[in-house]
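The values are calculated or read from the model by the stated rules, or taken from the named source; none is laboratory data. Model, not experiment: these values are computed from the prediction. Because the Cβ atoms are built from the backbone with ideal geometry, glycine has one as well, and the counts that use them run over all protein chains shown.
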Amino acid sequence: MKQTCPICQSAAEVVALDTTFLQIRCAKCDCFKITQSAIGDCSTSNPKFVRYLASAYIRANQGITVDVDVIDGFAGLKVKSVSERARILLQHLYFQHPGAGEMFDFPLNDAPALIAITWSEQWSEVRYLFTRVLRDGGFLEHANPPYSHSRIPGGIITPAGHELIDSLKVSAPGASKSAFCAMWFNPRLEVVYINAIAPAIEAAGYEAVQIDRVQHINKVDDEIVARIRTSRLLVADLTGTRGGVYYEAGFAAALGIPVFLTVREKRRHKVHFDIRQFNCIGWDPDALPAFTNALRLRIEALIGRGPSIKVTPPPPGRPAPAS
Ligand SMILES: [Zn+2]
C-alpha cells in the first residue's frame, strides 16, 4: 500500500504488522518499525523533532523500532558539520566501492537515499558535499563532469581520499566507546548502576566507566576530569543531589560530550531548578528493566549505536573493507 512515511513524509510502503507496530519502507529512511503511538507524535504539522535529522538517524540505524521514547530522543538530534557529513559520504562511497580505482555511479533514484545518508535536508547540499568539499578537496575525481542539476556522475576515490579514510579508522571523532557514569557513591545506587545503567550503556554499544567512588568520595579530581575528557558520553544520575555529579555533568556538557540525566522518580522534585528543563529519565527501583530500555533508546537516538555493536555486514558478493 502506497502511503506517506511518518518521519520524512516521502512516499513510502506502510504495512501494519499487528495492532501495535507498522513496518515502513521509505526511499529516504529505508526500513524501520514504528509503534502506533509514535505515529501520533509524528503526524502533527509541527512535530517536536526535525524531520530530516530523524530520517538521517533512522537511515544510519537500520532495524530500529521507533517508539515514543525514540521520538523524544529525536528532539536532541543536532545538525552535523559539513566536514563530518563529507566524511560520512566518503566512507559510504568507500564501503560500496572499496577497490583501488573502483568506479562508483548512482542511479538517479538514489538521490533520496544520499540525502539521508549525508544528513542533508535537500539535494543541493549533497551536490555541495560531492563537488566543493570532496572533489575540490582532492578526495574524489569524477569521470564525466559537469554535474547536472539532479545527477552526480560516476567517479573514483583518489589516493588522498583513501588516506583520509584510513586516518578516520584510527581517529574518528567519537571513536571512544567509554561512557562515564557520574553518580552518588551509595550502595543503593550501586545496585541501579549494576542492574540498569551499565546494561543500558552496554546494550547501546558503549563501555560503562565508573571511577571507584570510595577513593574519590566527594571530590572531583584529575583522574575524573581526564576520564570525562576521553568519554563519548556521560550518564549523570542526579539522585542524592551531589555537587560533584552536577559539576561532572556540566564539565562534560561544556566539552560538547552528550550528557544523559537520570534520577530516581521519587526524587525528581529535588533536581536543581536550573536544569529541570533538561530531559531527565526517571527510574523506579521496582521497574529497572523499563528504565534500562529507555536509557538505551535515548543514547541510541541521540548519538547512535556504539562501536561495541557489530555493524551490518556488506551486501553479499561485496568483500568487506579491510579494517
Ligand atoms: Zn522516511
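For the criterion of being within 17 Å of Val70 (Cα to Cα), modelled with pLDDT under 80 and not in a loop (DSSP other than H, G, I, E, B), Ala301 passes. Here Thr65 meets each of (1) touching a residue at least 24 places away in the same chain (Cβ under 8 Å); (2) under 24 Å from Ala253 (Cα atoms); (3) away from the ligand (no atom under 11 Å from the Cβ) with one exception, condition (2). Here region 30-45 is the region considered, the condition is being in contact (Cβ under 8 Å) with a residue 12 or more places away in the chain and outside any helix (DSSP H, G or I), and the residue that is farthest from the ligand (Cβ to nearest atom) is Thr35.
Restricting attention to region 271-293, which residues are more than 21 Å from Glu202 (Cα to Cα) and of a type in the set (Val, Ile, Thr)? Within region 271-293, Val271, Ile275 meet the criteria. Candidates in region 1-29 are the residues that are within 8 Å of the ligand (Cβ to nearest atom) and in a strand (DSSP E or B); of these, the one that is farthest from the chain's Cα centre (by Cα) is Ala12.
The listed residues are Leu168, Leu164, and the only one of them that is aliphatic (A, V, I, L, M), modelled with pLDDT under 75, surrounded by 12 or more Cβ atoms within 10 Å (Cβ to Cβ) and part of a helix (DSSP H, G or I) turns out to be Leu168. All conditions but one from (1) away from the ligand (no atom under 12 Å from the Cβ); (2) buried (at least 16 other Cβ atoms within 10 Å of the Cβ); (3) basic (Lys, Arg); (4) part of a loop (DSSP other than H, G, I, E, B) apply to Lys48; the one that does not is (2). Scanning region 233-257 for residues that are of a type in the set (D, E, K, R) and touching a helix residue (DSSP H, G or I) at 6+ places or on another chain (Cβ under 7 Å) gives Asp237, Glu248. Taking the criterion of being in contact with an Asp or Glu (Cβ under 8 Å, 6 or more places away or on another chain) and surrounded by fewer than 19 Cβ atoms within 10 Å (Cβ to Cβ), the residues of region 246-282 that qualify are Glu265, Lys266, Asn279, Gly282.
Could you say whether any residue in region 107-121 is assigned to a loop (DSSP other than H, G, I, E, B), at pLDDT below 80, surrounded by fewer than 18 Cβ atoms within 10 Å (Cβ to Cβ) and not assigned by TED's automatic domain parsing to the domain that holds Gln36? Yes, region 107-121 contains a residue that is assigned to a loop (DSSP other than H, G, I, E, B), at pLDDT below 80, surrounded by fewer than 18 Cβ atoms within 10 Å (Cβ to Cβ) and not assigned by TED's automatic domain parsing to the domain that holds Gln36.
Does Ala86 qualify as being closer than 21 Å to Tyr128 by Cα, surrounded by 13 or more Cβ atoms within 10 Å (Cβ to Cβ), modelled with pLDDT of 80 or more and of a type in the set (A, V, I, L, M, F, W, C)? Yes.
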